[in-house]
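These notes are about the structure you will find just below.
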Amino acid sequence: MIPTLDELLETFGEQRFNIDIKAPGAIEPLARSIVAHAAQDRVCVGSFGVDRIRAFRRLMGSAVPTSLSQIGVAWTRFLPLARVLPAPGMALQIPVHTEIRGRRIRLVTPELIARAHAAGRHVHVWTIDDPAEMHALVDLGVDGLISDRIDVLREVCEERGLWS
């Protein structure tokens, strides 16, 4: 049986959740669940759909932390103007690399991490399953790793004293 979000928020009342809005119809039910469980400070909401994350922000205001949209990530990574006019969101949730017009571009750089941290933002990197890459990203200063191999991630975090 797959638990509902309400069941997760109730059962794990101290845990933090990273939630990706996959469909426009999920925005309002998500907002209701977050409010019903007073989980505004325990979730970070994101979406690859720029329209979805904008709609969620309009509905919830600044009560719930959100990740930057793809446009916001590009703005932060590639435009110097981002220092003056930052994109909305509290976390960059990004892959190490992306492809733009057939070119492989590294997104996670020391400069990006420094810019994000200077703006009070976190950097979460996905999907990292290799322990050597996990160690390298922690050394760079990322704030979070998203992985399909939680067992490997736990081992890396334990080795580094990051797992309690």
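Before moving on, here are some points about what is shown:
- Relative contact order (%) - criterion: Cα under 8 Å, at least six apart; region: the range 1-130: 17
- Nearest-10 value in Å² for the accessible area of residue 76, using the 1.4 Å probe: 10
- DSSP-defined beta bridges in the chain - what % are antiparallel, rounded to 5: 25
- Average accessible surface for the range 6-164: 59 Å² per residue, computed with a 1.4 Å probe over protein heavy atoms with every protein chain in place.
- If the chain linking residue 8 and residue 104 were pulled fully straight, counting 0.36 nm for each residue of separation and taking away their Cα-Cα distance, it would gain 30.8 nm.
- Accessible surface of the chain, 1.4 Å probe, proportion on carbon and sulfur as whole %: 55
- Note on residue 162: accessible area approximately 100 square angstrom, rounded to 10, probe 1.4 Å, nucleic acids and ligands left out.
- These residues, 60, 90, 1, go from largest to smallest accessible area, 1.4 Å probe, as 1, 90, 60.
The values are calculated or read from the model by the stated rules, or taken from the named source; none is laboratory data. From a predicted model like this one, the values you see are computed outputs, not experimental measurements. Please note that ligands, DNA and RNA were not included when accessible areas were found on the heavy atoms of the full protein model with its side chains. Shrake-Rupley method; radii C 1.70, N 1.55, O 1.52, S 1.80 Å.
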